[in-house]
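Reading through the structure tokens given below for one structure.
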Amino acid sequence: QIAQAKIETASGGPVTQYRGSLMRLFPMFGSFISTRAEHPVLVFSDERNGHERRIGLIVDQIIDVVEERLHVELAHARAGTLGTAIIAGQATDVIDISHWLTQAEPNWFDSQGSIAQSHGTAHLLVVEDSYFFRQLIVPFLQAAGYVVTAVKDATRALAMRDAGHRFDAIVSDINMPDMNGLDFVRTIRTGGAWAELPIIALSSLVTDADVEAGRDAGFTDYISKAAKDPLLNSLRQCLTAPLAHPIDDAARRVA
């Protein structure tokens, strides 16, 4: 969402009144110093269990609003960007929203409950019920060189299996409606075309008990939603030589 925000100061930082409540603002580049009464703001929000959180990213100017399929062609090592894509005929840097959200609020993904080098044509299936998180993880994996298909629940994923769709690996959330990630992976492991695929849990539920439950259900690896590099490392390892058992280093999952 886009808003023209009147900037105020509270708790030592910029805020604005947005839809009847205060919203924290975060400048995209550096500290915020401005004499302008209002600034354009990109508003990012997510709702889970009836609770909506919002953060505004202060930008200097909104040039255009377009709807276009995103294909990141050049990956960046620079923090805060996923890479470069052609958008509306222009080479455009694509910002990494997960980076900026965690800069503004380090625990943004902790309570969601549901959060490079090229890898050729490896095709990943992402199963994630949060639209917000799908919009973060899909471009991130595409920038790392993967072809990515995303669905919002396990039922849709299993329908794709039954229809004959093929993937090289699956990344799945745990806490999802109707069929959770544990039941999803158990169903896959009982047999069928996907029974031997690497399946990585990507979840904010990362206690020892959660990891053990994932291991017992049949996940190949178990990664914290806050840990992006471990996800890429796990995919590299799984796609090179699929693991017989989940990796036991719990500290790596939450680094």
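The values are calculated or read from the model by the stated rules, or taken from the named source; none is laboratory data. Just so we're clear, the structure is a prediction, and the values are computed from it rather than from any experiment. Using ideal geometry, Cβ is built from the backbone for each residue, glycine included, and neighbour counts are taken over all protein chains shown. Protein only, heavy atoms only, side chains kept; ligands, DNA and RNA dropped before computing areas. Shrake-Rupley method; radii C 1.70, N 1.55, O 1.52, S 1.80 Å.
Structure notes:
- Any hit, the stretch 154-167, residues being over 18 Å from Gly214 (Cβ atoms), among the β-branched types (Val, Ile, Thr) and out of contact with any strand residue (DSSP E or B) (no Cβ under 9 Å at 6 or more places or on another chain): yes
- Going through (1) open to solvent by 80 Å² or more (accessible area, probe 1.4 Å); (2) assigned to a strand (DSSP E or B); (3) at pLDDT below 75 one by one, Ala91 falls short only on (3).
Each row is one residue, and each column tells you yes or no for (1) open to solvent by less than 20 Å² (accessible area, probe 1.4 Å); (2) farther than 19 Å from Ala163 by Cα; (3) at pLDDT 95 or above.
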| site | (1), (2), (3) |
| --- | --- |
| Asn175 | no, yes, no |
| Ile188 | yes, no, yes |
| Ala193 | no, no, no |
| Ile200 | yes, yes, yes |
| Ser204 | no, yes, no |
| Ala209 | no, yes, no |
| Glu212 | no, yes, no |
| Ser224 | yes, yes, no |
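- Verdict on Phe109 being open to solvent by less than 20 Å² (accessible area, probe 1.4 Å) and modelled with pLDDT under 85: yes
- Pairs linking a residue in the stretch 125-151 that is in a loop (DSSP other than H, G, I, E, B) to a residue that is of a type in the set (Asp, Glu) and at pLDDT 90 or above, with Cβ atoms under 7 Å and 6 or more positions apart or on different chains, are Glu128/Asp173; Asp129/Asp153; Asp129/Asp173.
- From Val65, Val15, residue being at pLDDT 75 or above and either loosely packed, with under 10 Cβ neighbours inside 10 Å or part of a loop (DSSP other than H, G, I, E, B) (or both): Val65
- Enumeration of residues in the stretch 167-200 that are outside any loop (DSSP other than H, G, I, E, B), closer than 16 Å to Leu141 by Cα and in contact with a Lys or Arg (Cβ under 9 Å, 6 or more places away or on another chain): Ile199
- Looking across the stretch 142-168 at every residue that is among the small types (Gly, Ala, Ser) and over 15 Å from Val185 (Cβ atoms), the one that is most open to solvent (accessible area, probe 1.4 Å) is identified as Ala163.
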